[in-house]
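First comes the structure, then the notes that go with it.
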Amino acid sequence: MTAPVFVDSNVFVYARDPRDAAKQSRAAYWISHLWNERLGRASIQVLSEYYVTITRKLRPRENRR
């Protein structure tokens with residue numbers, strides 16, 4: 001039996017942050033795995049922290065032509 005996994009905001013942030021490719025890749029894989037297995041869990045607080053971090057602390061990706 002596999003139990004649900006609580007995902008911290010840092011994992012969501014690492015999946016969006018291109019500054020560390022290894023962390024980004026691993027976080028994206030982990031989130032994808034949890035999604036596919038329907039095991040991932042996140043609280044409203046975690047989602048709020050994620051929103052604050054990506055909108056205020058990370059630079060938006062520049063449009064590349």
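The phi-based Karplus calculation (6.51 cos²θ - 1.76 cosθ + 1.60; θ = phi - 60°) puts the 3J(HN,Hα) values of the stretch 6-21 at 7, 9, 7, 4, 4, 5, 5, 5, 4, 5, 9, 8, x, 5, 10, 4 Hz, whole numbers, x for Gly and Pro.
Charging the Cβ of each Asp and Glu at -1 and of each Lys and Arg at +1, and nothing else, the dipole of the stretch 5-57 about its Cα centre rounds to 100 debye.
With contacts taken as Cα pairs under 8 Å and at least 6 residues apart, the chain reaches a relative contact order of 40 percent.
Taking Cβ atoms as reference points and 12 Å as the exclusive limit, the residues near Val7 contribute a net charge of -1, counting Lys and Arg as +1 and Asp and Glu as -1.
Using a 7 Å offset from the Cα along the Cα-to-Cβ direction at both Asp20 and Ile54, what is the distance between the two label points in nm, to one decimal? The answer from the label model is 1.8 nm. In the stretch 5-57, if the dipole is taken from +1 on Lys/Arg beta carbons and -1 on Asp/Glu beta carbons about the Cα centre, which of Ser9, Leu34, Gln24 is farthest to the positive end? My answer, from the dipole projection, is Gln24. Near the amide H of Val5, within less than 5 Å, lie the amide hydrogens of Gly40, Arg41, all on another chain or at least 5 residues away, with H placed in the peptide plane.
Quick note: the coordinates plus some simple rules give every number you see, no bench work behind them. Keep in mind the model is a prediction, meaning the values are calculated, not measured. Every residue, glycine as well, gets a Cβ built from its backbone with ideal geometry; the counts of neighbours run over all protein chains shown.
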